[in-house]
Amino acid sequence: VDHMKAITRIILWFQLYALEIHIEGQTKILNWLNEINGDPITRGNMDISRSNARTNLARLRSNYNATLPAGQRRTWHMA
């Protein structure tokens, strides 16, 4: 059972890492679109997509914390 939790934790960590990079890229592109006065619909869609990614990040963080031993808690920075 402990091996499965460890494998699950590793998989979740990689998913967290990839999603944080994805959100960072979305933020950079959204900032660029704002600087060049890009299409408002595209900016809105990017903002919604980034919001959905942040929701998924919170879900993954919760799942990751659930794999940790009782009493052990992780704190996260804002993405």
message = Accessible area per residue for the chain in Å², computed with a 1.4 Å probe and the full protein assembly in place, what is it?
response = 74 Å²
request  = Report the label-to-label distance for D2 and T42 in nanometres (one decimal), using points 7 Å from each Cα along the Cα→Cβ vector.
outcome  = 5.3 nm
inquiry  = Need one number: nm distance between label points at I21 and L33, each 7 Å from Cα along Cα→Cβ, rounded to one decimal.
reply    = 2.2 nm
inquiry  = Given contacts defined as C-alpha pairs under 8 Å and at least six residues apart, what's the relative contact order of the chain, whole-number percent?
reply    = 45 percent
ask   = How big is the Kirkwood radius of segment 1-46, worked out from every pair of different alpha carbons and given in Å to one decimal?
value = 12.6 Å
note = The helix 40-66 Cα axis meets the longest alpha-carbon principal axis of the chain at an angle in degrees, between 0 and 90 and rounded to 10, of 10 degrees
request  = Would you mind computing Rg(Cα) / (2.2 N^0.38 Å) for the chain, counting N as its residues?
outcome  = 1.38
key: C-alpha long axis of helix 2-35 to longest principal axis of the chain, angle in °   = 10 degrees
request  = Calculate for the chain the 222 nm mean residue ellipticity that helices alone would give, adding -39,500 (n - 2.57) per DSSP H run of length 4 or more and normalising by residue count, nearest 500 deg cm²/dmol.
outcome  = -28000 deg cm²/dmol
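The values are calculated or read from the model by the stated rules, or taken from the named source; none is laboratory data. The shown structure was predicted, so the numbers you read here are calculated from the model rather than taken from an experiment. Please note: Cβ atoms are built from the backbone with ideal geometry, for glycine as well, and neighbour counts cover all protein chains shown. Each accessible area value is taken on the protein alone, full model and side chains, heavy atoms only, with ligands, DNA and RNA left out. Shrake-Rupley method; radii C 1.70, N 1.55, O 1.52, S 1.80 Å.
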